[in-house]
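A.B. asks: Take a look at the following structure, please.
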Amino acid sequence: MSGVMPDSSFSLDFKEDGGRKRKPESPGDKSVESENTTLTPASNQTYFADERIHIPVVESTKFSFRKLWAFTGPGFLMSIAYLDPGNIESDLQSGTVAKYKLLWLLMWATILGLSMQRLAARLGVVTGLHLAEMCYRQYRKVPRLILWIMVEVAIIGSDMQEVIGTAIAIYLLSNKAVPLWGGVLITVIDTFTFLLLDKYGLRKLELLFGFLITVMALTFGYEYVVVAPEQGEVVKGLFVPWCSQCTSSAVLQAIGIVGATMMPHNFYLHSALVKSRAVDRSKKEDIKEANFYFFIEAGIALFVSFIINVFVVSVFAHGLYNKTNRDVLEVCTASHSMHHNVFPNNTELVDADIYKGGVFLGCSFGVAAMYIWAVGILAAGQSSTMTGTYAGQFAMEGFLNLQWSRWKRVLLTRTIAIVPTFCVAFFTRIEDLSGMNDILNAVMSLQLPFATLPTIAFTSNEYIMGDFKNGLFTKILAILLSTVVIGINIYFVVHSIVNDIPSHWAIYLAICIFAIFYISFCLYLIIHMAISMGATQLANNRIISKYIGGPVSQNFGLNNGVNNSRENLVGDVDDGTQ
């Protein structure tokens, strides 16, 4: 049997449970004490705490739209990360810098994202635990806490983009009456209000997110119709891999598109959302069926998000490509726009962002186009802020196994994210936010290994996934895709550091120290992943076994809050001191 070899003091006698290999309980097992691995009780868990969606029983074994509808929801919430203000800004910059030449890359990057999100969803379906909960059981205390901090950094970075994007939308809709910091405060209040909707039922909450995605499709679709880009060029950009005469800015934008396809917190979010469906994990066929329908639903959701992204890229490819600040300023002056001073009177190419993009649409196609654009950005920011809040709660309850009530976790996670966002909005001019967006993208790019490596490790582990573990092709594909994307992101970060960081020995020293720590921790996760994939030679190494080891806990079922502690451990014991 492949997988991680357990410690010699533990039995290899496993029984089948829905395709997963589990160690039978042994009443006489007198294991020494270790840190408690009891899961948070269901009553305190996020999002699906009070209800789960039951899957209808259908007599036919053929594809069922009734079942697909029952599974519909988690994938669309996951897809919102592809439509947050940061991604929308990346889209419009792509069109402004490279016209339609990067549309094909956007399409394949979305397919790449789907292939990786599939693994996260399968983890939640098969085990009944989301990614953060699995990290709590599979990593030792210190690396687990480091991992949690890194994930929180990614969530804060993403949340800053989303909240500030929403604040910019409110700034446009109010004709500058509401300052950015005021928009941030409104966003916080709105988020808490909307999150109360889960008290009225899970389906109503999912319906709200579906409504917000529909608003984005209609508003950005309206801009697409009004601007009327060349349809032939759009189709060519989608299906012909080309980027002839691309500038260095276009190449860097291409790197940004690929890097934006996999958001670190989205893996934790998606693996948790699929737990909202009542899947009988004791039946292999039910697990297989859930994996199938969740994949179909995620594919549909990402297709919708892809179409919306194409709308945005095409609108600004037609409108702002090769346009100078003076060109747009003259148009805005002629239309008497109150926002015209955002474009300086020079011949430099427009450095677009979601604020300037909205102003340009209002100047060129009427004030209605600006307001409709702002409504779309508002929907994107509000929806992604709410899903980001859920991701923060999942991470906190999983990594720390908090027994807090939900409102306390919401308050803490929002406070952690909102305080730096408010400071940025209060002390920064709106014209300078585009540069900050690049910094946040670089920060989030660095966190990507801390989502992809655990996901690949756990879904490739036979002890965790049983018959549903990754096959050889999936392992190779996932590792290659992750390596490429992580490599691209690191290049993007290095490029940002070289160009934007002041030259000072203290700064470079700090960067070197962080780089050593970063590479060392990534190496730790890679070794753990290799052990999870069955690298027995590594598992048997005395030093690696002592400080890294294989899986810590073996019992993965929720089963009404059963204590899944030392009686079901596999691999080296985590006593919380390592």
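A.B. asks: Taking a 21 Å limit on the Cα-Cα distance, which of the listed pairs Lys67/Lys475; Lys99/Lys236; Lys101/Lys475; Lys62/Lys469 fall beyond it?
C.D. replies: Lys67/Lys475; Lys101/Lys475; Lys62/Lys469
A.B. asks: Can you give me the relative contact order of segment 135-264 as a percent, contacts being Cα pairs under 8 Å and 6 or more apart?
C.D. replies: It rounds to 15 percent for segment 135-264.
A.B. asks: Which of the peptides 441-448, 56-63 is most tightly packed, and how do the rest follow, judged by the mean count of other Cβ atoms within 10 Å per residue?
C.D. replies: So the peptides 441-448, 56-63, ranked by packing, come out 441-448, 56-63.
A.B. asks: Rounded to whole Hz and in sequence order, give me ³J(HN,Hα) for segment 175-182 from the Karplus expression 6.51 cos²θ - 1.76 cosθ + 1.60, θ = phi - 60°, writing x for Gly and Pro.
C.D. replies: Each residue of segment 175-182 in turn: 6, 6, 5, 9, x, 4, 5, x Hz.
A.B. asks: Quick check on packing: order 95-103, 463-471 by the mean number of other C-beta atoms within 10 Å, highest mean leading.
C.D. replies: Top of the packing list down: 95-103, 463-471.
A.B. asks: Taking the Cα-to-Cβ direction at Glu285 and at Tyr200 and moving 7 Å from each Cα, how far apart do the two end points lie in nm?
C.D. replies: Once both label points are built, they end up 3.9 nm from each other.
A.B. asks: Can you pull the percent of segment 195-284's accessible area that's carbon plus sulfur, 1.4 Å probe, other chains left in place?
C.D. replies: 68 percent
A.B. asks: Over 5 Å intervals from 0, what percent of Cα-Cα pairs in segment 200-258 sits in each interval?
C.D. replies: The distribution over segment 200-258 is 4, 13, 12, 14, 16, 16, 10, 7, 5, 2, 0, given as percents.
A.B. asks: OK, next. Provide the FRET efficiency to the nearest 0.05 for the Val226-Ile516 pair, computing r from the beta carbons and using R0 = 56 Å.
C.D. replies: About 0.60, to the nearest 0.05.
A.B. asks: Using protein chains only and a probe of 1.4 angstrom, how many square angstrom of Ser174 are accessible, to the nearest 10?
C.D. replies: 30 Å²
A.B. asks: Once you keep just the Cα pairs under 8 angstrom separated by 6 or more residues, what percentage relative contact order results for segment 335-456?
C.D. replies: With pairs under 8 Å counted, the relative contact order is 17 percent.
A.B. asks: Now for a different question. What is the distance in Å between the Cα centroid of segment 387-426 and that of segment 84-106?
C.D. replies: About 30 Å separates the Cα centre of segment 387-426 from the one of segment 84-106.
A.B. asks: I've got another one for you. Counting Lys and Arg as +1 and Asp and Glu as -1, what is the net charge of the other residues whose Cβ lies under 10 Å from the Cβ of Val315?
C.D. replies: Counting the neighbours of Val315, the net charge comes to -2.
A.B. asks: Right, here's the next one. In nanometres, what is the gap between the two model label sites at Asp467 and Thr61, each 7 Å from Cα along Cα-to-Cβ?
C.D. replies: Simple spin-label model gives 1.4 nm for this pair.
A.B. asks: By accessible area of protein heavy atoms, probe 1.4 Å, what ranking do Met533, Met134 get, highest first?
C.D. replies: Result of the area sort, largest leading: Met533, Met134.
A.B. asks: On a straight-distance basis, which lysines could pair with Lys408 in a cross-link, Cα separation under 26 angstrom, same-chain partners fewer than 8 positions away excluded?
C.D. replies: Output for Lys408: Lys141, Lys199, Lys204, Lys275.
The values are calculated or read from the model by the stated rules, or taken from the named source; none is laboratory data. Please read all numbers here as calculations on a predicted model, not as lab measurements. With ideal geometry, Cβ positions are generated from the backbone for all residues, glycine too; neighbour counts draw on all protein chains shown. Heavy atoms of the whole protein, side chains included, go into the accessibility calculation; ligands, DNA and RNA do not. Shrake-Rupley method; radii C 1.70, N 1.55, O 1.52, S 1.80 Å.
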